[in-house]
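Contents: one structure, followed by commentary.
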Amino acid sequence: MRYSGRSLAREKRWLIVILLALISVMTLWSVPAHADEVNVDEYDFIFSGNVKYNGEPLEGVTLNVKGGGYDEDVDTDAEGKWRIGVPEKTTYEITLIESTLPDGVIVSEDENQRVTISEKGATIEAEFGLTNNKSVNFFLGEGVRNVTSDLDRLIERIINGLNFGLMLALASIGLSLTFGTTGISNFAHAEMVTFGAVMALVFGVTLAVPIWVAIPIAVVLSGVLGWLMDVGIWKPLRLRGLSVVQLMIVSIGLSLAMRYIFQFFIGGGTQQLPDSGSAKIQLIGPIRLSPTDMISMGVSIVVLLGVAYWLLRTRTGKATRAISDNPSLAAASGIDVHRVVRLIWVLGAVLAGLSGVLWAYFRPGIKWDMGWQILLLIFAAVVLGGLGTAFGALLGSIIVGLLVEVSTLWVPSDIKYVGALTILIVVLLFRPQGILGRRERIG
């Protein structure tokens with residue numbers, strides 16, 4: 001087919017119009033909002049403020065909001081404004097990081113009656129009144145003050161990244177084992193994470209069972225949930241010969257159903273587990289961890305070592321690896337594939353439930369869609385480490401956790417997940433099977 005000169009000119013005009021429209025949309029998106037907003041859609045209680053010096057707004061000034069186990073950063077926009085959502089009405093420490101102020105500008109101790117100056121910055125204690133909104137402002141002046149070194153901040157972020165990565169590894173290993181033995185990309189794994197946290201909330205808060213008893217109960221019930229799901233859903237569907245794509249679609253529907261069941265019973269707000277706001281203890285140099293953080297990291301390490309021993313040394317662990325490599329050959333060798341797969345569903349649910357409890361302390365708080373919020377990171381860790389490999393999921397989780405936390409030194413905390421996903425894309429461009437995955441497992 002040939003085109004006339006008039007037709008080509010018309011197509012060029014339409015192409016120019018489309019390009020101009022795209023540029024206009026991108027330009028509108030790039031216009032700064034009235035205030036940098038973090039977690040304002042997730043939580044109902046909002047702190048806000050305006051940072052100015054000599055009447056001029058200051059952009060890119062970082063404020064840290066911490067209290068009740070909550071710890072998050074927010075930056076000011078081009079108008080000097082900021083807004084941040086917090087999970088509950090309690091006392092918070094709002095710290096303006098003075099290293100992000102222009103040279104020669106500091107927080108004035110004379111004009112701020114309730115300010116506390118530290119190496120990190122200037123801190124004001126704030127709490128809500130009768131409303132869900134609170135304005136907090138700092139008065140600025142001229143001067144010079146020592147600030148926390150970049151090295152100390154980096155070390156602090158690395159420790160937080162390890163804590164987050166270990167917690168993420170528990171959920172990722174369960175998902176990876178399930179994929180390796182069944183080939184299912186289980187999107188409902190996010191709700192299995194939420195289930196563990198919700199059960200801890202029911203027993204530890206609603207029924208007032210001691211939390212050290214409530215958490216094991218929640219983990220056991222998570223295993224029961226995994227067993228019921230395999231008995232009632234996954235095994236019957238496998239026996240009917242459904243394809244992997246059909247099973248994945250079922251898992252998406254199951255995920256949606258479970259998520260809104262959680263919302264129906266616990267509501268749309270954020271609820272806290274006991275002792276979620278424990279104070280941090282100065283350990284070595286800039287390393288500061290709360291007792292909850294230390295317990296969380298210790299439990300994660302012990303459980304991960306136990307899973308590694310089970311995979312490498314026990315008969316069922318070796319059978320799991322055999323099924324992951326070649327299910328048909330494993331069945332021909334006398335391995336009861338259905339029994340091992342059921343065990344994997346139970347184990348995966350147990351690990352996901354424990355991860356949900358630790359995630360509830362790390363966030364902090366329990367919400368009906370909390371598992372869904374990290375599902376993309378769980379999949380990223382599994383794919384980055386290598387599909388179907390438990391040790392790959394562990395390695396991928398540590399990498400993702402470190403990237404997410406360390407990236408907050410340079411990017412706003414509300415987009416900190418972007419760096420991890422970018423690294424995932426880069427790695428897969430050069431090694432599609434993942435870091436520890438084998439090429440024959442792909443495709």
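What follows draws every value from the coordinates through simple rules; no lab data is involved. In this text the structure is predicted, and so the values were computed from the model without any measurement. For neighbour counting, all protein chains shown are included, and Cβ atoms are generated from backbone atoms with ideal geometry for every residue, glycine included.
Observations, loosely collected:
- Considering only alpha-carbon pairs that sit under 8 angstrom and 6 or more positions apart, the relative contact order computed for segment 289-352 is 18 percent.
- Taking only the C-alpha atoms of the chain, the Rg (one decimal) and the largest Cα-Cα distance, Dmax (whole number), read 25.1, 81 Å.
- Kyte-Doolittle mean at least 1.0 and Cα axial length at least 30 Å: DSSP H helices in the chain: 244-266, 291-313, 337-362
- With contacts taken as Cα pairs under 8 Å and at least 6 residues apart, segment 112-252 reaches a relative contact order of 17 percent.
- Rough spin-label spacing in nm, given labels placed 7 Å along Cα→Cβ, for ILE284 and THR91: 3.3 nm
- Secondary structure note: in the chain, about 85% of the DSSP beta bridges are antiparallel.
- Ranked by the mean number of other Cβ atoms within 10 Å of their residues, highest first, the peptides 325-334, 212-221 fall in the order 212-221, 325-334.
- Packing, as the average of other Cβ atoms within 10 Å across residues, places the peptides 40-48, 78-86, 243-251 in the order 78-86, 40-48, 243-251, highest first.
- Nitroxide proxy distance, nm - points 7 Å out along Cα→Cβ at MET248 and ILE261: 2.4 nm
- Relative exposure of HIS338, HIS189, judged by other C-beta atoms within 10 Å (fewest first): HIS338, HIS189
- Inter-label distance, MET294 to PHE430: 3.9 nm, where each label sits 7 Å from its Cα along the C-beta direction.
- A protection proxy built from the mean count of other Cβ atoms within 10 Å ranks the segments 291-301, 378-388, most packed first, as 378-388, 291-301.
- Each Cα pair under 8 Å and six or more residues apart adds its separation to the average, and for the chain the resulting relative contact order is 20 percent.
- Among TRP368, PHE179, VAL213 - extreme Cα towards positive end, dipole of the chain, charges at beta-carbon: PHE179
- Taking Cβ atoms as reference points and 12 Å as the exclusive limit, the residues near TRP234 contribute a net charge of +3, counting Lys and Arg as +1 and Asp and Glu as -1.
- Only the Cβ atoms of Lys and Arg (+1) and of Asp and Glu (-1) were treated as charged; on that basis the dipole of segment 153-441 about its Cα centre amounts to roughly 580 debye.
- For segment 287-389: rounded, prolate or oblate by the Cα gyration tensor [a/c cutoff 1.5]: prolate
- Calculated FRET efficiency, ASP41 to ARG315, Cβ-Cβ distance, R0 = 60 Å: about 0.75 to the nearest 0.05.
- Magnitude of the charge dipole for segment 36-148, about its Cα centre and with charges confined to Cβ atoms of Lys, Arg (+1) and Asp, Glu (-1), is about 300 debye.
- Springs between Cα atoms under 10 Å define the GNM used for the chain, and in it the highest mean-square fluctuation of ASP77, ASP336, ASP369 occurs at ASP336.
- Taking amide H as placed 1.01 Å from N in the peptide plane, the amide H of GLY365 sits under 5 Å from that of LEU273, each at least 5 places away or on another chain.
- Computed FRET value (nearest 0.05) for VAL220 with ILE117, which takes r as the C-beta separation and R₀ as 51 Å: 0.55
- Farthest towards the positive end of the charge dipole of the chain, among the residues ILE301, PHE379, ILE117, is the Cα of PHE379, using unit charges on the Cβ of Lys, Arg, Asp and Glu.
- Order of LEU130, LEU354 - criterion: other Cβ atoms within 10 Å of each residue's Cβ, fewest first: LEU130, LEU354
- When each of GLU191, GLU127 is scored by the number of other beta-carbon atoms lying within 10 Å, the sequence from fewest to most is GLU127, GLU191.
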